[in-house]
Amino acid sequence: MNNSDLVKRDLSVLWHPCTQMKDHEWLPMIPIRRAEGIWLEDYDGRRYLDAISSWWVNLFGHANPDINAAVQQQAQTLEHVMLAGFTHEAVVELSERLVQLTPAGLERCFYADNGSAAVEVALKMSFHYWRNKGHTRKTRFITLENSYHGETLGALAVGNVQLYKDTYAPLLMQTISVPSPDCFYRQPGESCAAYSERMFQPMRAALERHAEEVCAVIVEPLVQCAGGMRMYDPVYLKLLRAACDEYGVHLIADEIAVGFGRTGTLFACEQAAVSPDFLCLSKGLTGGYLPLSVVLTGDQVYQAFYDDYGSLKAFLHSHSYTGNALACRAALATLDLFQQRDTLAANRSLAAAMARATADLRDHPQVAEVRQTGMILAIEMIKNKFERIPYPWQERRGLRVYEHGLANGVLLRPLGNVVYFMPPYIIEPEQIALLAEVARQGIDKAVAD
Ligand SMILES: *Cc1c(COP(=O)(O)O)cnc(C)c1O
């Protein structure tokens, strides 16, 4: 079998995610036969460095021997059991460890099977908490512009990336949208911290005006990933935590993309020394192996649902694969790897290497900014750097970088005009150099005409 055999069969029966299928009339699809470490290999024997961790999920490489062993062993004893009325060792152990590792005050784990579902859980739980407490006027959510929280209707409604949202607007609940603290828009000479702090004003105003009818504020701590890897300062989270307390509104931290070491700390909230009322985790949770997500919350929320059955206060939400045993084992093996490898310390030097390898791009005439938070580095292409005029999205400049990357053995999948690196933590310095070189060539090509 070669690439074209499998692609032909694929195109007659599949419909791919986040894809205009007509593009595949000219854009080759890549069938992957096997993967190991940072490399993906296709059926023609070509290799691709997975610079984006297969959509931000992979942490310790593909076919990781330790995670493989944990999943295999679990499969031989218990693959899955429903989690209502039943439990198992893997899910108990994982919950104990998550409670211990996450910011203080998060003591209860509620599982789902993907990130969007976790966001739905957090939204419903927050709303239901206030209802159980007699605050029936609280029915709305505050969200940041340019945020992304998933694709299901509730998650889409609290997100704010127009490309994914606008078509479905008539189906979505109305949210209260507040400008983002995204430092891309800071004034010349203004620090990111000063800008993020200044941009807290509209959030405070929204809370002051709407607190009575608002259940929660939902944010992606520090990096708005799907919104183009836009970054902001931890000071915003500090102010937000204090204001949520002041106005009696929950704080939901969606760390689905930024959790598990991506921003330099195990969880992004740590950099602001805050604990959210709800913490959503998925993506890296299983090291990129299996779908699993979790919402952590505190005892106060838990107790608001704890009552006699007849009170109808219970949280009657479930998914068939909630707390799947194989996925929990993959997650436990992933947490073990963090400890064994002292991952956060190792990532600091990898992050510094990524910064050095891309330093010269800062002066590129078609690069607006090179920004970085830990193991996320983004290079934003721009049509006119001095007047800050972006390339029109219709030109699909990022796609040219994607194509150049594939032709040169690197998987980069830019978000619009933003080329980014979000590699597995096992990347090596020479691989970072290769990545930066291919990205630079790709950007030169993409902006050439
Ligand atoms: C990916 C993502 C989601 C959605 O997760 P899925 O598993 O793709 O449904 C939600 N929030 C953030 C911040 C994400 O990056």
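Data table
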quantity	calculated
Residue tally, condition more than 14 Å from Phe421 (Cβ to Cβ) and either in contact with a Gly (Cβ under 7 Å, 6 or more places away or on another chain) or among the acidic types (Asp, Glu) (or both), over region 362-381	2
Only listed residue being within 11 Å of the ligand (Cβ to nearest atom), among the small types (Gly, Ala, Ser) and modelled with pLDDT of 95 or more, chosen from Ala122, Ala206, Ala193	Ala122
Which listed residue, of Tyr289, Tyr306, Tyr302, is at pLDDT 95 or above, under 18 Å from Arg108 (Cα atoms) and either in contact with a strand residue (DSSP E or B) (Cβ under 9 Å, 6 or more places away or on another chain) or buried (at least 17 other Cβ atoms within 10 Å of the Cβ) (or both)	Tyr302
Those residues of region 121-144 which are polar (S, T, N, Q) and more than 26 Å from Gly323 (Cβ to Cβ), in sequence order	Thr136, Thr139, Thr143
Glu145 vs. criteria more than 19 Å from Val294 (Cβ to Cβ), open to solvent by 60 Å² or more (accessible area, probe 1.4 Å), within 16 Å of the ligand (Cβ to nearest atom) and assigned by TED's automatic domain parsing to the domain that holds Leu266	yes
Residue check, Thr152 open to solvent by 40 Å² or more (accessible area, probe 1.4 Å), away from the ligand (no atom under 11 Å from the Cβ) and not small (Gly, Ala, Ser)	no
Looking only at region 365-418, and only at residues there that are hydroxyl-bearing (Ser, Thr, Tyr) and not in a loop (DSSP other than H, G, I, E, B), the one that is least open to solvent (accessible area, probe 1.4 Å)	Thr373
Yes/no for Ala75 being in contact (Cβ under 8 Å) with a residue 60 or more places away in the chain, in contact with a helix residue (DSSP H, G or I) (Cβ under 7 Å, 6 or more places away or on another chain) and open to solvent by less than 40 Å² (accessible area, probe 1.4 Å)	no
Residue list for region 135-158, restricted to those being touching a helix residue (DSSP H, G or I) at 6+ places or on another chain (Cβ under 6 Å), part of a loop (DSSP other than H, G, I, E, B) and closer than 17 Å to Asp182 by Cβ	His149
Residue count, region 102-134 (criterion: of a type in the set (Phe, Trp, Tyr) and either open to solvent by 60 Å² or more (accessible area, probe 1.4 Å) or assigned to a helix (DSSP H, G or I) (or both))	3
Neighbours by Cβ (under 9 Å, 6+ apart or cross-chain): first from region 357-379, over 19 Å from Pro188 (Cα atoms); second modelled with pLDDT under 95 and β-branched (Val, Ile, Thr)	none
Answer from Leu49, Leu59 - the residue that is open to solvent by less than 20 Å² (accessible area, probe 1.4 Å), under 21 Å from Ile426 (Cβ atoms) and either part of a helix (DSSP H, G or I) or away from the ligand (no atom under 16 Å from the Cβ) (or both)	Leu49
Residue match in region 165-186 (condition: more than 16 Å from the ligand (Cβ to nearest atom) and touching a residue at least 40 places away in the same chain (Cβ under 8 Å))	yes
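This table checks each residue for (1) touching a helix residue (DSSP H, G or I) at 6+ places or on another chain (Cβ under 9 Å); (2) part of a loop (DSSP other than H, G, I, E, B); (3) within 16 Å of the ligand (Cβ to nearest atom).
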| site | (1), (2), (3) |
| --- | --- |
| Asp245 | no, no, no |
| Ala253 | yes, no, yes |
| Gly259 | yes, yes, yes |
| Gly264 | yes, yes, no |
| Ser275 | yes, yes, no |
| Pro291 | yes, yes, yes |
| Val294 | yes, no, yes |
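The values are calculated or read from the model by the stated rules, or taken from the named source; none is laboratory data. Because the structure is predicted, anything quoted here is derived from the model rather than measured. Every residue, glycine as well, gets a Cβ built from its backbone with ideal geometry; the counts of neighbours run over all protein chains shown. Note: accessible area is taken over every heavy atom of the protein model, side chains too, but ligands, DNA and RNA are not part of it. Shrake-Rupley method; radii C 1.70, N 1.55, O 1.52, S 1.80 Å.
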